[in-house]
Amino acid sequence: MTVESTAARKPRRSAGTKSTAGKRTTASTAPGAEPELAQLLTPEGERVKNAEYDKYVAGITPDELRGLYRDMVLTRRFDAEATSLQRQGELGLWASLLGQEAAQIGSGRATREDDYVFPTYREHGVAWCRGVDPANLLGMFRGVNNGGWDPNSNNFQLYTIVIGSQTLHATGYAMGVAKDGADSAVIAYFGDGASSQGDVAESFTFSAVYNAPVVFFCQNNQWAISEPTEKQTRVPLYQRAQGYGFPGVRVDGNDVLAVLAVTKWALERARSGEGPTLVEAYTYRMGAHTTSDDPTRYRGDEERLSWEAKDPILRLRRYLEASNHTDEGFFAELEEESEALGKRVREAVRAMPDPDHFAIFENVYADGHALVDEERAQFAAYQASFADGEGA
């Protein structure tokens, strides 16, 4: 398969009035056209020079490059195992990240330990970077808990099912960070579909007015369930930042190096008091929106195949091999580690205990509530009736 080289493309950033090329971008990308974006690795794995972002990955070592590759491979393996578990009735639902590994690993590895992350429900790669046990991501999808981890242990909030609402939470948290005088940053993840939500627009307004240290990271995977991006916007998503008075940049979301560099830049802006940034990671959802979705009903094989040629993992592997940064032994060991991870996750899910029936009454109110106490007592009596044979 011949893949058109994108090495000659010039990266462009919207910063209210200025782009990398020194001119404003105003038109929407035509359907089927290749957009201009920040890129450091072509789909063929060739390194592209970029005067603006090279410095953010200039010191990256072969070990760190192999680490990024390992992150993406293991994240994909975990994701595939979770999809299989759902198909076998072990999970109620699963939202796959297939194809979006570079966007998540690149941005996740750009964060510092003291930064705070607000995800949606598909950021399994970011969770991996933040040190959340993959098995803990599955408790909610199995229906045994409401989250699965302590957000403050990893500065990684619980998954958010309500579309776009986490951007408000992130903005408020970032405003608090600024008032506390901390030099950490906040990053909020959302998709192209969520970009049409009012909560996201409100977050942009407040973050700009209060100069909040927040990075809005939009994974534009081209499809909001069955709606393509062109049904939602007349301009590229990153250009929306112009109307709110802060920079926006579109990055090749399948290029882990470019995502790492751009996100580092955006987070440094936030930490240094320069306010919010919108990063649009232009990527693709290779699979279904969730396991309840059938993407063959609204998109064709030709589109999917064209994006498979831009696979983020294959892209970095080509670069590693061409640069002599690895050998077959590394890939063989990683394959063994990948299979071990899949086995561990499967066993962990099947061993998850049923939830405590009374857990639903916990954490409803910070200091308790008489009505909740009354409902708990009624529920206890109802449960006891089964033991007495009355509720059968």
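The values are calculated or read from the model by the stated rules, or taken from the named source; none is laboratory data. Here the structure is a predicted model, which is why all the values come from computation and not from measurement. Note that we place each Cβ from the backbone using ideal geometry, even for glycine, and neighbour counts take in every protein chain shown. Ligands, DNA and RNA are excluded from the accessible area calculation, which covers all protein heavy atoms including side chains. Shrake-Rupley method; radii C 1.70, N 1.55, O 1.52, S 1.80 Å.
When +1 charges are put on Lys and Arg Cβ atoms and -1 charges on Asp and Glu Cβ atoms, the dipole computed for the chain relative to its Cα centre reaches about 1760 debye.
Peptides 365-374, 187-196, 306-315 ranked from most to least packed by the mean count of surrounding Cβ atoms within 10 Å: 187-196, 306-315, 365-374.
On region 265-311, 43 percent of the accessible area sits on carbon and sulfur atoms, based on a 1.4 Å probe. Between ARG70 and LYS179, the modelled label-to-label distance comes to 4.2 nm, taking each label 7 Å out from Cα in the direction of the beta carbon. Against the set (i) 76, 51, 41; (ii) 61, 45, 43; (iii) 96, 51, 39, the structure's computed Cα extents along the principal axes in Å falls on (i). Counting protein heavy atoms only, region 316-392 has 51 percent of its accessible area on carbon and sulfur, 1.4 angstrom probe.
On the basis of the beta-carbon distance and an R0 of 41 Å, ASP114 and GLN383 show a calculated FRET efficiency of 0.40. At a probe radius of 1.4 angstrom, the accessible area of the chain per residue rounds to 46 square angstrom. What the Cβ-Cβ distance of SER153 and LYS49 gives, at R0 = 35 Å and to the nearest 0.05, is a FRET efficiency of 0.30. In this simple spin-label approximation, HIS325 and THR296 carry label points 7 Å from Cα along the Cα→Cβ vector, and these lie 3.8 nm apart. Test of understanding: in a Gaussian network model of the chain with alpha carbons linked when under 10 Å, which of LEU278, LEU97, LEU305 would top the mean-square fluctuation ranking? Of LEU278, LEU97, LEU305, the most mobile in the Gaussian network model is LEU305.
Take every Cα pair under 8 Å whose residues are at least 6 apart in sequence, average their separation, divide by the length of region 113-186, and the relative contact order is 41 percent. When only Cα pairs below 8 angstrom with a gap of at least 6 residues are kept, region 253-392 shows a relative contact order of 16 percent.
For the chain, relative contact order (Cα pairs under 8 Å, six or more residues apart, normalised by length) works out to 23 percent.
Output the 0 to 90 degree angle, nearest 10, between the alpha-carbon long axis of helix 198-209 and the longest principal axis computed from the alpha carbons of the chain. That helix lies at roughly 60 degrees to the long axis. Rolling a 1.4 angstrom probe over region 51-102 with all protein chains present gives an accessible area of which 51% lies on carbon and sulfur atoms.
Based on DSSP H segments of at least four residues, each scored -39500 (n - 2.57), the chain has a per-residue ellipticity at 222 nm of -12500 deg cm²/dmol. Modelled spin-label separation between ARG350 and LEU314, with each label point placed 7 Å from Cα along the Cα-to-Cβ direction: 3.3 nm. Build a GNM of the chain with springs between Cα atoms under 10 Å apart, and of GLN242, GLN378, GLN88 the one that fluctuates most is GLN378.
Taking the DSSP beta bridges with both ends in the chain, the antiparallel portion is around 20 percent.
Calculate, for GLU230 and LEU93, the FRET efficiency according to 1/(1 + (r/R0)^6) with r their C-beta to C-beta distance and R0 25 Å; round to the nearest 0.05. After rounding, the FRET efficiency stands at 0.35. Any idea which of LEU85, TYR298, TYR56 is furthest toward the positive side of the dipole for the chain, if Lys and Arg beta-carbons carry +1 and Asp and Glu beta-carbons -1? So the residue furthest toward the plus end is TYR56.
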